[in-house]
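Data block below; observations after.
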Amino acid sequence: MVVGASAAGLAAAETLRREGYEGTITLIGEEPHHPYDRPPLSKQILGGQWEADRVALRAPADLDALGLELRLGTAATGLDLAGRTVGLADGARVPYDGLVIATGVRPRRLPGDGGERAHVLRTLDDALALRDRLGPGRRLVVVGAGFLGAEAAAVARGLGMEVTLLEPAPVPLAPAVGEPVGRMLAEVHHDHGVALRTGVTVTEVADGGVRLADGTLVEADEVLVSIGSVPNTDWLEGSGLTVGDGLECDEYSAAAPGVYGAGDVARWHNPLFGTAMRIEHRTNATEQGMAVARNLLRPDERRPFAPVPYFWSDQYDLRIQAHGRLRGHEEIAVVEGALEERKFLAAYRCGDRVAGVLAVGMPPRTVRTWRQAVATRAAWRDAVGELVPEGA
Amino acid sequence: MRVEVDVPKCVASGQCVMIAPDVFDQREEDGIVVLLDEKPPAALHADVRESAVVCPAAAIRVVEE
């Protein structure tokens, strides 16, 4: 049984079938839609370039061919580990032999964000609702300048809206990509006419806009709240599985014997970096879904899940691509191109190794070469040069 | 096996090139996928199927013939 019918859940179900499992595969999804792709929601769907059917992850015929027992529009509400059953919102209790938990995350909310002008952006329905409210001359306030908020701001500017981007940190995305890259992205938004305000805390969505911590109102016709997400683990409470920041899994991405976690919801130990991580990126969802399916099918030949994480983000005409682990870096070096030209590749150091790389506008071969440095745990000294002492 | 790529969907991640370099390449200027072999030999089929599943844009479709 696979709980969660998005990228990770679909990959798990598909891999089970592709690798010879002939038994029943039940795929449970809270949303009514067939599995669809989320990255285009804040890009082509919001911008109106794509209609909703374009985000389907598989052609209907390909999905049919998998022979899945699809239970869509039904959330899982409880797990009985000893009895090996999952309880559903419609009252059903469905038995399983092996279980993949891929229930994803939901948006964090703000007080007062239940009104008509307030939006979050996680599901296809969220994206379509927001798209209908975007238009030239209207005012959009985006709360939170992470990748999701930044992409939505870029799309809204492209549609001729007045866009204000509010961010509590002094530099947007600094923990994710480092201050120099965060500052460059801030300049890009400024150049495109976004009013980016950093160091401001929003306390609530109010009548006519959003309220800041100092009491002032920032006026808006529409508000997008993009302040991060919360793992969907509520239904696992009391199940005996360990839940902290996500479902806790080991290096095989197992949460218990015969129970695996995959995608945004799973926090697991990545042996390639020697640390626990939970990754909310598209590629990881698929790779982890595939990996847990294989470990579930072949318990005697289990392999640790040790990927090089990857993400990309499109903002205006820039495509940002990153491989590896950027969070927690101790040093950044621009090793190809130049930040000012907005064509560069930056390397991120953790300890004495190249832990991650981020590229904008670089040739694919160059990016792949540096990704390889991350995958092979290349020493910083060999790949980049001398270590810069802390604070230098 | 026949391979189809939906070029406008491609996000230039390069995952397919890393898995099946004899079947896929990337354009030098923007990293968008280039299909090198529409009917790859049997020895590459497993890698091509893996590429199709891994593609973060679901831009690769494998038609089994």
- Message: Looking at A:Val155, A:Val202, A:Val142, can you tell me which residue is more than 18 Å from A:Trp312 (Cα to Cα) and in contact with a helix residue (DSSP H, G or I) (Cβ under 6 Å, 6 or more places away or on another chain)?
- Response: A:Val142
- Flag if B:Gly14 is in contact with a strand residue (DSSP E or B) (Cβ under 7 Å, 6 or more places away or on another chain) and within 7 Å of chain A (Cβ to nearest Cβ): yes
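Filtering segment A:15-38 down to residues that are within 14 Å of chain B (Cβ to nearest Cβ), touching a residue at least 60 places away in the same chain (Cβ under 8 Å) and open to solvent by 20 Å² or more (accessible area, probe 1.4 Å), which residue is nearest to the chain's Cα centre (by Cα)?
Looking at residues that are within 14 Å of chain B (Cβ to nearest Cβ), touching a residue at least 60 places away in the same chain (Cβ under 8 Å) and open to solvent by 20 Å² or more (accessible area, probe 1.4 Å), I get A:Arg38.
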- Task: Select the strands (runs of 3 or more DSSP E) contained entirely in segment A:86-151, then report the ones holding at least 2 residues which are under 30 Å from A:Pro170 (Cα atoms).
- Result: A:105-107, A:139-143
- Message: Against the conditions (1) of a type in the set (Lys, Arg); (2) surrounded by fewer than 17 Cβ atoms within 10 Å (Cβ to Cβ); (3) touching a residue at least 12 places away in the same chain (Cβ under 8 Å), where does A:Arg58 fall short? Just the number, please.
- Response: (2)
- Could you grab me the full set of residues in segment A:317-334 that are under 19 Å from B:Glu29 (Cα atoms) and of a type in the set (A, V, I, L, M, F, W, C)? A:Leu318, A:Ile320, A:Ala322
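Out of the residues in segment B:31-50 that are of a type outside the set (Asp, Glu) and within 11 Å of chain A (Cβ to nearest Cβ), state the one that is surrounded by the fewest Cβ atoms within 10 Å (Cβ to Cβ).
Once the filter is applied, the top-ranked residue is B:Ala46.
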- Item | Residue satisfying condition, being within 12 Å of chain A (Cβ to nearest Cβ), open to solvent by 60 Å² or more (accessible area, probe 1.4 Å) and in contact (Cβ under 8 Å) with a residue 60 or more places away in the chain, within set B:Glu64, B:Glu28, B:Glu4 | B:Glu64
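The values are calculated or read from the model by the stated rules, or taken from the named source; none is laboratory data. Please read these numbers as outputs of a predicted model, since none were measured by experiment. Glycine gets a Cβ as well: all are built from the backbone with ideal geometry, and neighbour counts include every protein chain shown. Side chains included, ligands, DNA and RNA excluded: accessible areas come from the protein's heavy atoms. Shrake-Rupley method; radii C 1.70, N 1.55, O 1.52, S 1.80 Å.
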